[in-house]
Protein chains: 2
Amino acid sequence: MAEVSSPYELCTLAEGLDPEEHVIVTYWVQASTQTDMLAKAVALAVEQSSGTWTDVPYETEELKTGYAAKVVGIYGAPDHELIATLPTDDGQRDYILRVAFPWHNFGDNLPMMLSSVIGNVSSMPYLKVLDIDFPRAFAERFQGPKFGIAGIREYLGVFGRPLLNSMIKPCTGFPPEVGAELLYQAAAGGADWIKDDELLAPDIAICPLDERVRQYMKAASRADKEKSGKTLYTVNITAAPGKLKENARRALDAGANALMVNVAAIGLGALRDLAEAPNITVPLMAHTCFQGTMSSSPHSGVASALAAKLARLAGADLYLNVAPSAKFNALREKFLQIHHALIRPFYHLKPTFPLVGGGVHPGMVPYLIELVGTDFVAGAGGAVHGHPQGSRAGAKAMRDAIDAACRGEDLFEAAKKSEELQMALDKWGIYSETDFARLYTIDS
Amino acid sequence: MAEVSSPYELCTLAEGLDPEEHVIVTYWVQASTQTDMLAKAVALAVEQSSGTWTDVPYETEELKTGYAAKVVGIYGAPDHELIATLPTDDGQRDYILRVAFPWHNFGDNLPMMLSSVIGNVSSMPYLKVLDIDFPRAFAERFQGPKFGIAGIREYLGVFGRPLLNSMIKPCTGFPPEVGAELLYQAAAGGADWIKDDELLAPDIAICPLDERVRQYMKAASRADKEKSGKTLYTVNITAAPGKLKENARRALDAGANALMVNVAAIGLGALRDLAEAPNITVPLMAHTCFQGTMSSSPHSGVASALAAKLARLAGADLYLNVAPSAKFNALREKFLQIHHALIRPFYHLKPTFPLVGGGVHPGMVPYLIELVGTDFVAGAGGAVHGHPQGSRAGAKAMRDAIDAACRGEDLFEAAKKSEELQMALDKWGIYSETDFARLYTIDS
């Protein structure tokens with residue numbers, strides 16, 4: 001029974017760890033000026049891996065070497081070096097911590113990984129997990145998206161422009177015929193992908209899953225003939241895991257060509273189960289409602305860009321990234337971080353198609369293309385179904401805006417050839433950097 | 001196609017709703033003095049049920065009547081009535097909102113309920129969901145805990161005193177023999193229930209699930225003979241849902257008499273699937289690590305007492321309530337709210353046994369009994385396995401403290417007859433209201 005030595009010995013600012021054996025977790029932490037951040041960081045690393053608040057005999061140095069997490073970086077922000085520059089007594093200091101967790105502690109078990117990197121410490125009042133760096137060996141345990149951007153473009157036969165998605169509005173409370181009609185109109189008007197609202201339950205009595213899928217897919221194929229294209233329809237199968245697989249099977253049996261789940265509400269493990277199931281042969285969309293319970297606070301929880309990265313790892317083909325618009329006031333820098341987490345190179349994992357939604361209307365399209373290029377899905381629910389001439393005109397207005405913006409044409413010019421676009425611009429206007437600047441002071 | 005009327009008509013301060021048809025959700029919201037809270041509350045209610053940010057034709061009054069959520073209470077805190085008493089221009093006002101959701105929108109589908117009550121609005125910067133009131137008809141869809149407090153007491157044959165739990169420490173990194181030995185010692189010393197640490201993964205190579213359960217249960221029955229009692233062992237089966245059921249089956253096949261999951265990491269739906277599975281015939285423990293990602297912020301997410309209520313609804317027999325101690329600095333009032341959510345009358349749902357853990361040691365026992373009585377489990381990991389004379393002595397010290405406190409005997413008096421207790425008190429002291437008051441200014 002080895003005597004437990006000073007925590008500084010094994011767990012602090014470790015160097016030379018095998019990078020393939022560890023995931024590196026980045027935290028933001030705030031603490032009072034009096035805090036010994038070295039000790040606090042080590043306590044966090046030990047507490048979230050092998051140890052507890054008091055020494056216990058079997059926590060030997062050997063065990064710590066193999067299983068304890070190690071602090072690999074403590075960065076003050078700003079980085080004080082002199083007592084004279086410290087804030088006054090009641091001051092707080094901000095830090096970025098980097099902690100290496102041996103991933104054989106949890107394997108590729110995502111709920112156990114979350115329990116380790118942000119389990120009990122999620123109750124610390126000023127700690128937020130910002131990122132996790134995964135080594136190749138860890139990422140290789142995951143299949144990731146089955147389709148990704150390229151696979152979905154291939155299926156639809158649409159290249160070189162943003163896709164158009166329309167979520168059916170109202171969210172719930174209507175029979176399948178109403179939804180099917182709205183789907184038909186939006187798809188015939190030019191929408192590539194129709195989705196259920198995240199609030200439409202699979203088993204709601206007025207619009208049951210099987211009947212909904214049957215009628216919607218029939219409406220989709222009617223629209224497909226008219227537009228000489230294809231339509232993806234993601235049916236919301238969100239439920240407890242046992243029911244989830246059953247819902248997926250029922251949806252596929254009824255002819256669904258894509259599925260949707262509210263990922264934060266069902267959990268990453270449930271998403272992965274679906275994504276890696278061999279019999280799920282259609283794209284999977286992850287809606288992010290409820291994620292705000294973990295990400296909205298600047299001081300706790302899980303950063304939204306990390307949540308996006310994890311959903312990609314778990315296999316989301318499509319992922320909702322809330323538009324940097326007036327509806328939710330998402331910071332543009334966060335919007336872009338989420339976007340990049342979904343599409344940037346990440347070992348063998350295919351890029352996840354970002355759905356940009358939340359208050360999107362035709363007048364926002366040029367702004368979005370300027371921001372992220374053409375590899376995204378423009379999601380418009382209200383702006384399609386709330387168009388003065390109806391859903392079909394609403395979808396056409398969006399598509400005309402997309403096509404014009406891709407040609408580099410001014411929307412007002414384009415609207416001269418499109419009554420639908422003109423009416424949309426009249427109703428909702430043009431969204432520009434200036435609208436954004438009204439909400440935030442930005443430099444550019 | 002009805003014209004959509006003013007939102008005030010249908011959704012504001014509705015009265016006379018059928019109480020069996022609605023769940024009532026309580027939110028805290030903060031907004032600037034200039035905000036029209038009536039409009040904002042209605043927007044929230046509509047957005048989270050039937051509608052969107054712009055009017056759409058099919059969202060008829062009929063649909064709203066049946067499917068829109070309705071605001072049933074807006075309470076200023078404080079409650080301003082005169083312009084003269086309002087804060088200055090930059091001021092913020094606090095509100096408690098009560099919103100009634102027709103629960104046929106989501107049925108008893110918990111992920112869909114969460115998506116509705118705190119889905120997209122979880123991205124509002126100053127909104128936290130505090131409580132949900134469930135009507136009987138809704139609660140009756142749930143089985144709740146299979147065992148609860150009475151069932152677990154019955155199984156163990158222990159009445160009239162707090163149970164003693166010990167989590168095995170170190171958390172991870174040891175082979176089954178080491179864990180089995182620690183279990184044996186703690187159980188023989190008087191622990192009623194041994195649990196894996198929440199960080200011990202089911203499939204870690206050094207301590208695989210099946211072998212762990214076999215060796216632990218053998219150690220438990222050795223201890224049971226010595227103490228003439230029974231020992232519950234909750235093995236951590238936390239994993240993605242597909243694997244979860246497999247882990248449960250493997251654990252039961254290997255002889256486990258209880259199971260444990262990290263509920264916030266696997267999701268409430270996954271917990272319920274396990275709890276209501278007819279072939280899971282043992283108590284289920286819900287660990288709350290990762291819940292802090294949703295509850296730590298005072299300004300967003302899900303209040304911890306609501307999370308506890310939901311876990312009880314989903315069927316947790318045992319639930320971790322972090323001690324109001326120095327380790328996590330939980331507010332005593334929050335600790336008590338969680339406690340009450342677990343045990344108070346709730347239709348047919350059995351009370352969930354609260355496990356009070358996190359820095360608990362013998363000197364804290366009288367304080368805890370004074371706070372909540374004897375219907376709780378005292379959870380001690382470090383204080384058992386970190387006892388100077390080892391785990392068996394550590395468990396005995398805890399049991400001696402429990403028995404003394406239940407007799408109303410002073411711990412120092414009791415320690416005269418118990419060397420183990422004396423050594424524990426020497427090492428960790430007595431925890432009292434004063435220690436608590438050192439952290440917070442409290443009135444009592």
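The values are calculated or read from the model by the stated rules, or taken from the named source; none is laboratory data. Since the model is a prediction, treat every value here as computed from it, not as a measurement. Neighbour counts are summed over all protein chains in view; Cβ atoms, including those assigned to glycine, are modelled from backbone coordinates with ideal geometry.
All conditions in (1) of a type outside the set (G, A, S); (2) farther than 13 Å from B:S166 by Cβ; (3) more than 28 Å from the chain's Cα centre (by Cα) hold for B:V365, with the sole exception of (3).
One line per residue, one yes/no per condition, for (1) among the β-branched types (V, I, T); (2) buried (at least 24 other Cβ atoms within 10 Å of the Cβ); (3) away from every other protein chain (no Cβ under 14 Å):
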site	(1), (2), (3)
A:K146	no, no, yes
A:A150	no, no, yes
A:L156	no, no, yes
A:G160	no, no, yes
A:T172	yes, yes, no
A:P176	no, no, no
A:L182	no, yes, no
A:A188	no, no, yes
A:W193	no, yes, yes
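Look at (1) in a helix (DSSP H, G or I); (2) of a type in the set (S, T, Y); (3) modelled with pLDDT of 95 or more and you find that A:T374 fails only one, number (1).
For residues that are over 17 Å from A:S295 (Cβ atoms) and either surrounded by fewer than 24 Cβ atoms within 10 Å (Cβ to Cβ) or under 20 Å from the mean Cα position of the chain (by Cα) (or both), scanning just the range A:113-132, find the one that is nearest to the other protein chains (Cβ to nearest Cβ). Filtering first and then ranking leaves A:S115.
Any residue at all in the range A:80-96 that's within 14 Å of chain B (Cβ to nearest Cβ) and over 12 Å from A:Y27 (Cβ atoms)?
Initially, the range A:80-96 is screened for residues within 14 Å of chain B (Cβ to nearest Cβ), giving none.
No, every residue in the range A:80-96 fails to be within 14 Å of chain B (Cβ to nearest Cβ) and over 12 Å from A:Y27 (Cβ atoms).
Scan B:Y67, B:Y75, B:Y95 and give me the residue that is within 23 Å of A:N262 (Cβ to Cβ), in contact with a strand residue (DSSP E or B) (Cβ under 8 Å, 6 or more places away or on another chain) and either at pLDDT below 95 or hydroxyl-bearing (S, T, Y) (or both).
B:Y67
Any residue in the range B:45-61 that is within 7 Å of chain A (Cβ to nearest Cβ), crowded, with 19+ Cβ neighbours inside 10 Å, assigned to a helix (DSSP H, G or I) and of a type in the set (G, A, S)? The answer is no, given that none of the residues of the range B:45-61 is within 7 Å of chain A (Cβ to nearest Cβ), crowded, with 19+ Cβ neighbours inside 10 Å, assigned to a helix (DSSP H, G or I) and of a type in the set (G, A, S).
Residue-by-condition table, conditions (1) in a helix (DSSP H, G or I); (2) away from chain B (no Cβ under 11 Å); (3) touching a residue at least 60 places away in the same chain (Cβ under 8 Å); (4) crowded, with 24+ Cβ neighbours inside 10 Å:
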{"position": "A:N279", "(1), (2), (3), (4)": "no, yes, no, no"}
{"position": "A:C289", "(1), (2), (3), (4)": "no, no, yes, yes"}
{"position": "A:G301", "(1), (2), (3), (4)": "no, no, yes, yes"}
{"position": "A:A305", "(1), (2), (3), (4)": "yes, yes, yes, no"}
{"position": "A:A311", "(1), (2), (3), (4)": "yes, yes, no, yes"}
{"position": "A:Y319", "(1), (2), (3), (4)": "no, yes, no, yes"}
{"position": "A:P324", "(1), (2), (3), (4)": "no, yes, yes, yes"}
{"position": "A:A330", "(1), (2), (3), (4)": "no, no, no, no"}
{"position": "A:K334", "(1), (2), (3), (4)": "yes, no, no, no"}
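The strands (runs of 3 or more DSSP E) found entirely in the range A:125-202 that carry 3 or more residues being within 18 Å of A:L318 (Cα to Cα) and at pLDDT 95 or above are A:163-167, A:193-195.
Does A:L274 satisfy the condition of being under 20 Å from B:L268 (Cβ atoms), aliphatic (A, V, I, L, M) and assigned to a helix (DSSP H, G or I)? So A:L274 fits the description; yes. When B:D443 is tested against (1) at pLDDT below 90; (2) assigned to a helix (DSSP H, G or I); (3) not polar (S, T, N, Q), exactly one condition is not met: (2).
Is it the case that the range A:251-263 has a residue that's in contact with a His (Cβ under 9 Å, 6 or more places away or on another chain) and assigned to a helix (DSSP H, G or I)?
First, the residues of the range A:251-263 that are in contact with a His (Cβ under 9 Å, 6 or more places away or on another chain): A:260-263.
Checking the rest, the ones that are also assigned to a helix (DSSP H, G or I) come to A:263.
Within the range A:251-263, one or more residues are in contact with a His (Cβ under 9 Å, 6 or more places away or on another chain) and assigned to a helix (DSSP H, G or I).
Whether a residue is crowded, with 24+ Cβ neighbours inside 10 Å, within 16 Å of the chain's Cα centre (by Cα) and closer than 24 Å to B:C289 by Cβ was assessed, and B:A341 passes this test.
Just one of A:V121, A:V99 is within 24 Å of A:Q337 (Cβ to Cβ) and assigned to a helix (DSSP H, G or I); which is it?
Numbers: A:V99 fails: assigned to a helix (DSSP H, G or I).
Step by step, each of A:V121, A:V99 is checked, and only A:V121 is within 24 Å of A:Q337 (Cβ to Cβ) and assigned to a helix (DSSP H, G or I).
The residue that is farthest from A:G51 (Cα to Cα), among those in the range A:62-79 that are small (G, A, S) and within 14 Å of another protein chain (Cβ to nearest Cβ), is A:G66.
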